[in-house]
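Throughout, read-outs are computed from the coordinates displayed, never taken from laboratory work. Everything numeric here is computed off the predicted structure, so don't read it as measured data. Here the Cβ positions follow ideal geometry from the backbone for every residue, glycine too, while neighbour counts run over all protein chains shown.
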Amino acid sequence: EIIHMAENGLCKDGEQERLIAEGVTEIGGRLPVNTDGGLLGNGEPIGASGLRQIHEIVLQLRGTAGTRQVPGTPRVGYTHLYGAPGASAVTILST
């Protein structure tokens, strides 16, 4: 989270720690990140991490994420997958 927020254009480099400390990236924050706990909460099932991220975004957009649900009516979800050797993918889903 802290490394890739700036790389993905979600904030300026160096702002990550402040945004996290202020709660901006929490489920109820302005910019929810890792609503399902990310890799720390789910582990790293090689090859399945990207699918897990997309599944979480689908649940969020449907409003069926339970206790992880972002408040309001999310309209757009963004996933970023980064792995070795430098593979990277972004998926943007919207309703």
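Points worth noting:
- Computed [θ] at 222 nm, deg cm²/dmol, the chain (DSSP H ≥ 4; -39,500 (n - 2.57); rounded to nearest 500): -8000 deg cm²/dmol
- Net charge, N42 excluded, C-beta distance under 11 Å - Lys, Arg +1, Asp, Glu -1: -2
- Using θ = phi - 60° in the Karplus curve 6.51 cos²θ - 1.76 cosθ + 1.60, the 3J(HN,Hα) couplings for the stretch 14-26 round to x, 8, 4, 4, 5, 4, 5, 4, 7, x, 4, 8, 6 Hz; x is entered for Gly and Pro.
- Candidates P45, P32, P71, ranked by Gaussian network fluctuation over the chain, Cα under 10 Å, top entry: P45
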